[in-house]
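Structure, as structure tokens:
No value in this document is a laboratory result; all are computed from the given coordinates. As the structure is a prediction and not an experimental result, all values here were calculated from the model. Glycine gets a Cβ as well: all are built from the backbone with ideal geometry, and neighbour counts include every protein chain shown.
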Amino acid sequence: MASLVGAAVVAAVLLVAAGVVVGVAVPWRIPVPPRTAQLAALARLPAEQVARGRALAAELRPLRYAGLLVELVAVLVLGLTPLAARLVTAIGDAVGAGRLVTAVLGGLAVVAIVELVGLPFAARRRAVLRRYGLITQGWAGWAVDLGRGAVLGIVFVGAALAGFFAATGAWPHAWWAPVAGAAAILTLLLSMVFPVLVEPLFNRFTPMPDSPLRDDLLALAAADRVRVRAVLVADASRRGSAVNAYVSGLGPTRRIVVFDTLLSAAPDAETRLVVAHELGHARHHDVPLAAGLGALGAACGCCLLHLFGAWHAPFALAGATGLADPRAVGLLVALLTVAQLVLGPVGNLVSRRVEARADRHALRTTGDPATFAAMQGRLALRNLADVDPGRVAQTLFGSHPSTVQRLAAADEFTADR
Ligand SMILES: [Zn+2]
């Protein structure tokens with residue numbers, strides 16, 4: 001009982017802390033441009049481009065919703081019936097493994113089933129993107145990427161399961177405190193290490209050769225007082241035509257990465273603007289902000305999970321005795337999936353505000369709203385973006401302001417000068 005009170009108190013403190021960070025560090029005061037300004041921006045875009053982006057979005061949307069729904073149903077059926085428990089028991093018996101190994105293998109099997117159920121929808125989405133020419137990579141290349149992703153998933157999910165079940169086995173009532181601490185620290189560490197360790201698995205990076213553009217990008221970074229270790233070019237063209245750039249890493253690992261597709265498709269002034277936007281993220285510490293919120297969320301989640309463990313009904317449904325029981329792993333995966341679905345739109349809400357601030361930063365540091373607008377138009381055209389998605393799609397999935405919102409923000413910047 002004491003451990004439940006402790007977990008509840010810590011969860012409440014962490015929630016308040018997350019609320020304060022969200023309230024203070026997220027730029028809520030940057031307004032979303034009024035709808036009339038958005039419609040004015042929309043009217044300036046080529047009608048054919050707008051229609052093509054809409055058509056693509058309309059084809060992708062049902063696949064996306066159906067894929068999410070099917071994964072959700074699969075995970076709930078596995079987690080809220082004894083199905084996953086039976087699977088875990090069968091795997092444990094077959095391998096003759098102890099509690100910990102059974103939990104890890106069983107958990108990986110549950111996750112693999114959910115991923116496999118969603119795979120046909122991902123493949124259909126990909127086929128649509130290929131038909132529109134957005135993806136040029138063949139199916140074999142995709143399979144290789146999937147394989148790499150699977151290996152990565154097995155390592156990360158396996159390690160998380162092993163840590164969780166080792167802790168719940170060692171400290172049945174107090175596990176939440178060390179696990180919450182470890183989850184927070186790991187979230188922070190991974191956000192630092194991830195770009196350096198994982199990005200090279202999917203792309204090749206080469207230093208950008210000396211050029212006026214490279215000098216320009218470094219000058220922008222210096223003006224922002226953002227220390228950058230390297231300017232790299234990623235070979236994104238072997239996958240498709242999508243263009244992008246980003247600044248990744250913290251402190252000593254920080255680098256500017258530009259897609260080779262951007263370099264070949266856009267004038268240098270636009271590449272400069274994309275990078276200025278990314279430097280806005282670095283300048284306002286958006287990566288540590290996201291990592292900090294993630295760490296608070298992960299720690300809070302552990303405390304809430306301990307409280308959930310005191311509720312017997314769902315465990316009875318799942319055919320398990322409690323959180324420490326390997327047979328509860330299906331229920332655990334279901335809980336995490338539902339939490340992810342609920343928190344996704346919250347994260348996107350924060351993300352859109354942070355992205356609007358980075359746009360504003362790019363407009364200020366380059367003083368070039370005309371190129372900003374041209375770049376937004378080109379990005380949308382190249383990526384066949386839906387420039388004005390509906391309110392529901394934007395609320396659920398929009399990590400950035402829509403193209404028309406970004407164009408309207410550039411209009412406002414011009415008008416204010
Ligand atoms: Zn951004």
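Quick notes on this structure:
- Largest first, the three principal axis extents of the alpha carbons in the stretch 187-269 are 37, 33, 17 Å in whole numbers.
- Three semi-axes of the equivalent ellipsoid, the stretch 150-231, Cα gyration tensor, whole Å, largest first: 40, 17, 5
- According to the Cα-based calculation, Rg over Rh for the stretch 248-349 is 1.21, with Rh computed by the Kirkwood formula.
- Summarised as an ellipsoid, the stretch 69-137 has semi-axes of 33, 14, 7 Å, derived from the eigenvalues of the Cα gyration tensor scaled by 5 and square-rooted, with the largest first.
- Of VAL24, VAL114, VAL275, the one that fluctuates the most in a GNM where the chain has Cα springs shorter than 10 Å: VAL24
- Over the stretch 72-209, the pair-distance histogram of Cα-Cα distances with 5 Å bins from zero comes to 2, 8, 12, 15, 17, 17, 13, 8, 5, 2, 1, 0 percent, rounded to whole numbers.
- Calculated P(r) tail over 37 Å for the chain, as whole % of Cα pairs: 30
- Compactness of the stretch 223-297 as Cα Rg over 2.2 N^0.38 Å, two decimals: 1.18
- Cα centroid separation, the stretch 261-289 to the stretch 369-387 (Å): 14
- Selected from VAL338, ALA358, THR371, residue furthest toward positive end of dipole (the stretch 307-384; charges at beta carbon): THR371
- Each of ALA8, ALA140, PRO207 was placed along the dipole of the chain (beta-carbon charges, centred on the mean Cα), and the one lying farthest toward the positive end is ALA140.
- Between the Cα long axis of helix 369-382 and the first principal axis of the chain there is an angle of about 50°, rounded to the nearest 10.
- All Cα-Cα separations within the stretch 326-390 were binned at 5 Å from zero, giving a P(r) of 4, 13, 12, 16, 15, 10, 8, 7, 6, 4, 2, 1, each value a whole percent of the pairs.
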